[in-house]
Amino acid sequence: MLSRVANNLIWLDRYMERGNGILSLLKVNFYANQDSPELFSWTPIIKNFTTSENEFYTEDAVECIDFMVFNLSNSNSILNIVTKARENARSVQEHISRELWLCINNYYLYLTKKDLPKRLREEDPVEFLEDLRKHHLIYNGTFDVTQERGPSYYFMNVGKFLERVIQISDFTALKLIEIGKTSDSLEQSFYWKNLLLSVGGYQYYLKTHKSTFNEEHIIRMVFQDKLFPRSVYYCVNKLNRQINQLIEANELEKNNLEFLLGKLESDIKYTSIESINAQGLNNFINDIKEDVRNISMNINSVYFSHIN
């Protein structure tokens, strides 16, 4: 497989995973902002997903959602993300299922309807966001049941799980900033709950612990849980499997990848809560993100020098 094709497949799923995460964050923050605007501002979300060249400020929920969904000057707007995903999908149509291409193309056509911004202003913003999220759910389901299990499937999953690890880390770091601003345990529990909702782990947490929001339990679940599909450990484990499949298919050379992935997986799995607390959760997150960047760069350097 040519390096350009592999790169486009990876980024196709990275963009779609990113869009889904941003929509989830917007929906959760909308609910929280309605109840406690003094705790759940829109500013941190805007700052986290925009560049300094495109500074934008608002505390109006609809204005923020409009900016995060439609604004073309925001590189991480949903419209820009889906446009990039569609461009990647178009360039690799022979490597993905027809159903998957149609799914992405239909999403793009839906986003570019002229009356869609008007819907946001006139209807319930949560319903609007949910309608967009359904396109991501359809995409994930279509990918799962129509894409043949081969190099294309594995490269796309590499993109998905790379993006998901970074996203979970960023969402947690975002909440840690807010948690660090207050010593009120009730306010801190609101932020932890908000994090669980943002990563889709709220119900699973309640089923598992049936208790108030305990910081150590949440850290274990978000970073080390083997069953939660958005835990960092689960994603790194899946990433490891996809890369091993590519190595077995001679689409990747071993090089240093297996070591880097094995080390990261082991570090996450076996690091105790006491050790995380000793080094600081932010430092733990930064180490994970740095390891993921190294893995991503290693994939690029190995793969792009291995053109066949």
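The values are calculated or read from the model by the stated rules, or taken from the named source; none is laboratory data. Source: prediction; values computed, not measured. Don't worry about glycine lacking a Cβ; one is built from the backbone with ideal geometry, like all the others, and counts go over all protein chains shown. Please note that ligands, DNA and RNA were not included when accessible areas were found on the heavy atoms of the full protein model with its side chains. Shrake-Rupley method; radii C 1.70, N 1.55, O 1.52, S 1.80 Å.
Tabulated data for the structure shown
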item: Sole residue being modelled with pLDDT of 90 or more, open to solvent by 10 Å² or more (accessible area, probe 1.4 Å) and either under 25 Å from R293 (Cβ atoms) or in contact with a Cys (Cβ under 7 Å, 6 or more places away or on another chain) (or both), chosen from R149, R133, R164; result: R164
item: Any helices (runs of 4 or more DSSP H) falling wholly within region 1-120 and containing at least 3 residues that are open to solvent by 30 Å² or more (accessible area, probe 1.4 Å), under 28 Å from I177 (Cα atoms) and not aliphatic (A, V, I, L, M); result: 3-35, 43-48
item: Condition check for N194: under 26 Å from E274 (Cβ atoms), open to solvent by 50 Å² or more (accessible area, probe 1.4 Å) and polar (S, T, N, Q); result: no
item: Helices (runs of 4 or more DSSP H) wholly inside region 173-286 that include at least 2 residues being of a type in the set (D, E, K, R); result: 185-198, 215-224, 232-248, 257-270
item: Index of the failed condition, I247 passing every other in (1) modelled with pLDDT of 90 or more; (2) in contact with a Lys or Arg (Cβ under 9 Å, 6 or more places away or on another chain); result: (1)
